[in-house]
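Here's the structure, in structure tokens; my notes come after.
Read-outs throughout are calculated quantities, based only on the coordinates presented, and are distinct from any laboratory measurement. Just so it is clear, the model here is predicted, and its values are computed rather than measured. No Cβ is skipped: glycine too gets one built from the backbone with ideal geometry, and neighbour counts run over all protein chains shown.
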Amino acid sequence: MIAIVDYGMGNLRSVEKALEHVGGKALVTSDPAQVEGADKVIVPGVGAFDQAIRELRTRRLWDPLQGFVRAGKPFLGVCLGFQLLFESSEEGQGAEGLGVFRGRVRRFRFEGRGTKDVGRRTWDVGRKARDQRPATSDQRLKIPHMGWNTVTYKKGRCPLFKGVPDDSFFYFVHSYYADCTDRGVVAGETEYGVGFASALWGGAVFGTQFHPEKSQAVGLQLLKNFVEL
């Protein structure tokens, strides 16, 4: 059973439906005991870092999640759930995260800069992946980073990316990015004004800044790989 952790901040149903589509047996839950007893855990999330920490603590989910990581069972953080794996964030009151990976979550700070500062992997947002074309130099980077962008693999062959071509497009929606200080756990990188870690892999813990459940065929393949771990 895969527990999708409900702490009041996430597109839980879309994750559940995507898992069911690829043959996974999933349960949306806020019950600490069900989280502890699950075979795998997914922590999705949309919203503020500090509020998420408060909700996890209030709902008595913080300790079960830390215990789950220590137990070495497969864990996947998505979007905000990805950011919670780091030590801290600039967002809100600067709450401390789960500290699974070293580094800090930082806000994009390039309002008004053109895409010529971005490099080759910045793309128009709001289109399906097959319709993507490079952004032109007179366009401006916007916050949040929202739309399709590529992920370049950086750590061998992460099991989540089995059957997924390098530089595939995934769907992003975020205003903060991971400044990961441990290069050894960076499984994928993306560029949007700066290069940032967009996928992590350390032991049985995985994280994606992008939304696999919104990323069409490649996202479903990634979730299928997680189900089959």
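In terms of other Cβ atoms within 10 Å, Cys79, Cys158 run from fewest to most in the order Cys158, Cys79.
In terms of other Cβ atoms within 10 Å, Leu220, Leu84 run from fewest to most in the order Leu220, Leu84. Helix 49-58 axis versus longest C-alpha principal axis of the chain: approximately 10°, rounded to the nearest ten.
Most simply put, the stretch 2-227 has about 65% antiparallel DSSP beta bridges, counting only bridges with both residues inside it. Placing +1 on the Cβ of every Lys and Arg and -1 on the Cβ of every Asp and Glu, with nothing else charged, gives the stretch 152-197 a dipole about its Cα centre of roughly 240 debye.
Extension gain His21-Arg60, at 0.36 nm per residue separation less the Cα-Cα distance, in nm?
Numbers: separation 39, 0.36 × 39 = 14.04 nm, distance 3.00 nm.
Fully extending the segment from His21 to Arg60 adds 11.0 nm.
So how do Lys25, Lys142, Lys155 line up by other beta-carbon neighbours within 10 Å, fewest first? Don't skip to the answer; put the middle values down first.
On the way: Lys25 11, Lys142 14, Lys155 17.
Result, fewest neighbours first: Lys25, Lys142, Lys155.
On a 0 to 90 degree scale, rounded to 10, what angle separates helix 12-21 from the longest Cα axis of the chain? Orientation of helix 12-21: about 90 degrees from the principal axis.
A viscosity of 1.306 mPa s and a temperature of 10 °C, combined with the Kirkwood radius over C-alpha pairs in the Stokes-Einstein formula, give the chain a diffusion coefficient of 91 µm²/s.
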